[in-house]
1. Taking segment 80-93, which residues are over 15 Å from the mean Cα position of the chain (by Cα) and either assigned to a helix (DSSP H, G or I) or surrounded by 17 or more Cβ atoms within 10 Å (Cβ to Cβ) (or both)?
2. Which residues, taken from segment 53-75, are exposed (fewer than 15 other Cβ atoms within 10 Å of the Cβ) and at pLDDT below 95?
3. So, in segment 95-106, exactly how many residues are crowded, with 19+ Cβ neighbours inside 10 Å and assigned to a loop (DSSP other than H, G, I, E, B)?
4. Search segment 27-47 for residues being in contact (Cβ under 8 Å) with a residue 24 or more places away in the chain and assigned to a helix (DSSP H, G or I), and hand back the single one that is nearest to residue 4 (Cα to Cα).
5. Condition first: at pLDDT 70 or above and more than 14 Å from residue 64 (Cα to Cα). Now tell me which residues in segment 112-135 satisfy that.
6. Among the residues of segment 38-52, which ones are in contact with a strand residue (DSSP E or B) (Cβ under 7 Å, 6 or more places away or on another chain) and either under 14 Å from residue 96 (Cα atoms) or surrounded by 22 or more Cβ atoms within 10 Å (Cβ to Cβ) (or both)?
């Protein structure tokens with residue numbers, strides 16, 4: 001039976017997530033895994049969208065970016081989102097690749113997304129979207 005994966009992408013930082021989604025789609029296509037994509041406004045919405053779709057997919061890829069500001073909001077949103085993803089994955093025994101970038105600034109987010117032009121010129125591209133997708137593919141193949 002062919003596996004199905006749902007990519008849930010927070011588009012708050014669209015210029016970051018474009019690269020994450022592209023990497024995920026390329027790897028899933030190469031692995032001949034069927035996928036769908038749902039876009040949400042921010043990372044906080046990702047766990048609930050995955051929870052609503054648990055019975056429709058074999059695995060999930062959470063993509064997005066949160067950049068630290070001047071308030072503790074970054075810490076609360078990141079921790080609660082990551083805890084929600086882990087709880088969903090363990091309780092439902094389904095892989096959830098966490099490709100959510102947590103960065104201190106925009107430049108750091110660009111590098112971690114795999115879309116840094118300097119690294120691309122050196123043919124180095126191993127961003128969070130690729131890493132999260134590889135993790136899900138690995139678990140699905142076991």
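1. Our first condition is that a residue be over 15 Å from the mean Cα position of the chain (by Cα); within segment 80-93, this holds for 80, 87, 90-93.
Answer for segment 80-93, where residues must be over 15 Å from the mean Cα position of the chain (by Cα) and either assigned to a helix (DSSP H, G or I) or surrounded by 17 or more Cβ atoms within 10 Å (Cβ to Cβ) (or both): 80, 87, 90, 91, 92.
2. Across segment 53-75, the qualifying residues are 69, 70, 71, 72, 73, 75.
3. 1
4. The first filter runs over segment 27-47 and keeps only residues in contact (Cβ under 8 Å) with a residue 24 or more places away in the chain, leaving 27-28, 31-47.
Narrowing further to those that are assigned to a helix (DSSP H, G or I): 27-28, 43-47.
Values: 27: 13, 28: 10, 43: 22, 44: 23, 45: 21, 46: 18, 47: 18 Å.
Looking at the filtered set, the residue picked out is 28.
5. Selection gives 134, 135.
6. Within segment 38-52, 43, 46, 49, 50 meet the criteria.
The values are calculated or read from the model by the stated rules, or taken from the named source; none is laboratory data. Not measured: the values here are computed from a predicted model. Cβ: placed from backbone, ideal geometry, glycine included. Neighbour counts: every protein chain shown.
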